[in-house]
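Let me begin by presenting the structure, written as structure tokens, before commenting on it.
Every number in this text was worked out from the coordinates using simple rules, so none of it is lab data. Just so we're clear, the structure is a prediction, and the values are computed from it rather than from any experiment. Here the Cβ positions follow ideal geometry from the backbone for every residue, glycine too, while neighbour counts run over all protein chains shown.
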Amino acid sequence: MTYTTEELIHFLELELRATWGGKRLIFNAEEKLDNPVVAKAVDLEKMSRVFVFRDFRQQIHEYQQKHQVSGVVWRKVTFKGQTISFPEIHNQLIPIEGDKEILIDAKFPVIEFWQKVTEGLKYYLSGDRTSPITESILEELYQEAQWAEIDAGKEEVYLGLCWGNPKEYIYKWAKPESGFHRIIAAENTPSTINI
């Protein structure tokens, strides 16, 4: 029997609790750091917990690949009384073959939801919260993206227009091959909170 995505997430949560509760330790944390100066500057007991969990998570990733267990989870977001459920890669799992296609297939429903709940709002790129962007620029960004994700606050809603590798797109070092544009929709100037 192959474990499901939900079961792997549960195992990761249990291991994380056990690790941070001090029930898992690694005794060669200093060797794993491979830097004697840093090893003297950090708390090796806490660092060993990081290594233990990282090693366990790597085993989960290998299991995912071997047994083709998806890293996709479905998330619900509500804004202005409207709710959408869309796929994303769980933050402790990796995408396997076929997961990116699931994300791509949900692009247009996410954008349609965004357009419905942001009607009458102003749009801003997250890097420039002072100048609204035009509908035509937004349309270009829609076209460039391979998949979309959404998040919401009380007064603002955030759209991520993503491309490239679903495992790396959130990292600045992955650009230009992978990345995302974060768009904020707000009635006035967006808040300074980063989502």
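Here each label is just a point 7 Å from Cα along the line to Cβ, and for Gln65 and Asp151 those points are 2.8 nm apart.
Each part gets one Cα centre, and for segment 55-93 versus segment 104-166 those centres are 21 Å apart. For the listed residue pairs Lys66/Lys172; Lys100/Lys122; Lys107/Lys167, the alpha carbons are over 27 angstrom apart in Lys66/Lys172; Lys100/Lys122. Classified by the C-alpha gyration tensor, segment 73-186 has an oblate form. Its axis ratio a/c, with a ≥ b ≥ c, is 1.5 or above, and a/b does not exceed b/c.
Each residue of segment 56-71 was assigned a 3J(HN,Hα) from its phi angle through the Karplus curve 6.51 cos²θ - 1.76 cosθ + 1.60 (θ = phi - 60°); the sequence is 5, 4, 4, 5, 5, 5, 5, 4, 4, 5, 5, 9, 6, 9, 4, x Hz, with glycine and proline shown as x.
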